[in-house]
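Values quoted throughout were computed directly from the atomic coordinates according to the rules given, and no laboratory measurement underlies them. Predicted model, so just to flag it, every value in this text is computed and none were measured. Glycine also receives a Cβ, built like all others from the backbone with ideal geometry; neighbour counts cover every protein chain displayed.
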Amino acid sequence: MPRVPGADEYQGGGEGFGTLESDEYRVRIVSWEEHEQPLGPYNKDPNAKSIWFKLEPIAYEHDPESELVDKDSGEPINEEKTLIFFYDPKRLGLVPRIAKSRMFLAAALNTPVEEPIEFDGYDDLVGKELVANVIVKKDKNGNDQNRIDSVRPVKQRKRAAKAPLVRAAEETFAADANEPEDEDY
């Protein structure tokens, strides 16, 4: 007979999935949902919508080899643990300060935040990775919950261009490398 745990069996606001400590994490966008409710109490638009992106924590940004653990128990977090980024499609501006939703899009698509951002749809973002600064906040019941405070793109290092002398040497000696060596030495 299947059994569903009661509220007293879940650990705080994390609902048994664990609570990550405040840190930077590499995350992957796994899905998105459109909600017919505005974000924030000041939006009075009856047609306002919000997008909730579910993010899977992959690793600590500065220690990718370490296992992700619950901040209280030290045990590994549930592999189904997700974080939610609340995206407001009406708030994508740059002034007076760059909107969090704009930063999220730019980070996911790895484009500069000040430039125009073009994409076909939210499905384009699924599978993309970014870095999220995750904090711990108390919910209205006093339980710890994870929140995404800010995001940034995953840094991708460019390969250093070869110095002109190295390129010239490779071109000069490329033909010699294919010739057999003399056995007289």
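A few points about this structure:
- Set Lys49/Lys137; Lys71/Lys155; Lys81/Lys128; Lys90/Lys140; Lys54/Lys137; Lys49/Lys81 screened for pairs whose C-alpha atoms are more than 23 Å apart: Lys49/Lys137; Lys71/Lys155; Lys90/Lys140; Lys49/Lys81
- For Ala59, the residues whose amide H sits under 5 Å from its own are Arg26, ignoring neighbours fewer than 5 places away on the same chain, with H placed 1.01 Å from N.
- Sequence ranges 90-96, 124-130, ranked by mean other-Cβ count within 10 angstrom, highest first: 124-130, 90-96
- Under a 5 Å amide H cut-off, with hydrogens placed 1.01 Å from N, Ser22 pairs with Val136 among residues at least 5 apart or on other chains.
- Backbone N atoms of the stretch 105-141 closer than 16 Å to the 7 Å Cα→Cβ label point of Asp72 belong to residues 136-141.
- Evaluated at q = 0.14, 0.15, 0.20 Å⁻¹, a Debye calculation over the C-alpha positions of the stretch 18-177 (equal weights, vacuum) places log10 I(q)/I(0) at -0.79, -0.88, -1.35.
- Label-to-label distance for Ala59 and Glu114 is 3.2 nm, based on points extended 7 Å past Cα in the beta-carbon direction.
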